[in-house]
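Q: Pasting a structure here, questions to come.
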Amino acid sequence: YLMRLKLPFYCLVNLLAEKEVFPECIGPNITPETIAQRAGSIWQDLMVQKNIIEGCVALREQLQSPLSVRGIRLSPSETAAHYIEALF
């Protein structure tokens, strides 16, 4: 069922950031080798780690900045919910 949703990403961080912050390992073509390669790159590649941290920091700033919907300021959790609802 999850694969029929046709989302651009499936990781919550990636969905909210609207880009791939964390590598995604989902789908019919995923193999143990692919998972190992992606996990290894996170573990060993400092540039990959830096990009993930920067993506998470940017997302945290986005969620902490006051978003106003119909004149009402939203909390960070309400802001996240708003962005998720916008996907559907």
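Rule-based calculations on the coordinates, nothing more; no lab input. Here the structure is a predicted model, which is why all the values come from computation and not from measurement. When we count neighbours, we look across all protein chains shown, and the Cβ atoms used for this are built from the backbone with ideal geometry, even at glycine.
Q: With unit charges on the beta carbon (Lys/Arg positive, Asp/Glu negative), name the residue among Cys11, Leu74, Gly27 whose Cα is farthest towards the positive pole of the charge dipole of the chain.
A: My answer, from the dipole projection, is Leu74.
Q: Counting Lys and Arg as +1 and Asp and Glu as -1, what is the net charge of the other residues whose Cβ lies under 15 Å from the Cβ of Ala86?
A: -2
Q: To continue, here is another question. About the Cα centre of the chain, what is the dipole size in debye to 20, counting +1 per Lys and Arg Cβ and -1 per Asp and Glu Cβ, all else neutral?
A: Here the chain has a charge dipole of around 220 debye.
Q: Separate question: Here are a few candidate values for Cα extents along the principal axes in Å: (1) 50, 32, 28; (2) 44, 23, 19; (3) 49, 34, 14. Which one was actually calculated from the structure I just gave you?
A: (3)
Q: If you take the beta carbon distance between Ile52 and Arg73 as r and set R0 to 35 Å, what does 1/(1 + (r/R0)^6) give as a FRET efficiency, to the nearest 0.05?
A: The computed FRET efficiency comes out at 0.75.
Q: Quick one: which residues, 5 or more positions from Leu67 or on another chain, have an amide H under 5 Å from its amide H? H modelled 1.01 Å from N in the peptide plane, none for Pro or chain starts.
A: For Leu67, whose amide H was placed from the backbone, the distant partners under 5 Å are Leu74.
Q: Separate question: What ³J(HN,Hα) values, in whole Hz, does the Karplus curve 6.51 cos²θ - 1.76 cosθ + 1.60 give for region 74-88 when θ = phi - 60°, with x put for Gly and Pro?
A: Whole-Hz 3J(HN,Hα) from phi for region 74-88: 9, 6, x, 5, 5, 4, 4, 4, 4, 5, 5, 4, 5, 6, 10.
Q: Which value at 222 nm does the chain reach when only helices count, each DSSP H run of 4 or more adding -39,500 (n - 2.57), with the total divided by all residues and rounded to the nearest 500 deg cm²/dmol?
A: Mean residue ellipticity at 222 nm (helix-derived): -18000 deg cm²/dmol.
Q: Moving on to the next point. Averaging sequence separations of C-alpha pairs under 8 Å and six or more residues apart, then dividing by the length of the chain, give the relative contact order as a whole percent.
A: Relative contact order here is 23 percent.
Q: A further question follows. Treating the Cα atoms of region 19-65 as identical point scatterers in vacuum, please give the log10 of the normalised Debye intensity I(q)/I(0) at q = 0.21 Å⁻¹, two decimals.
A: One equal scatterer on each Cα of region 19-65 leads to -0.76.
Q: Report ³J(HN,Hα) in whole Hz for each residue of region 50-60, in order, from the Karplus equation J = 6.51 cos²θ - 1.76 cosθ + 1.60 where θ = phi - 60°; Gly and Pro get x.
A: Rounded to whole hertz, the list is 4, 5, 5, 4, 4, x, 5, 4, 4, 5, 4.
Q: Can you list which of the trypsin sites (Lys or Arg not before Pro) found in region 1-85 are DSSP loop residues with at most 15 other C-beta atoms within 10 Å?
A: Hits after loop and neighbour filter: Lys6, Lys19, Arg70.
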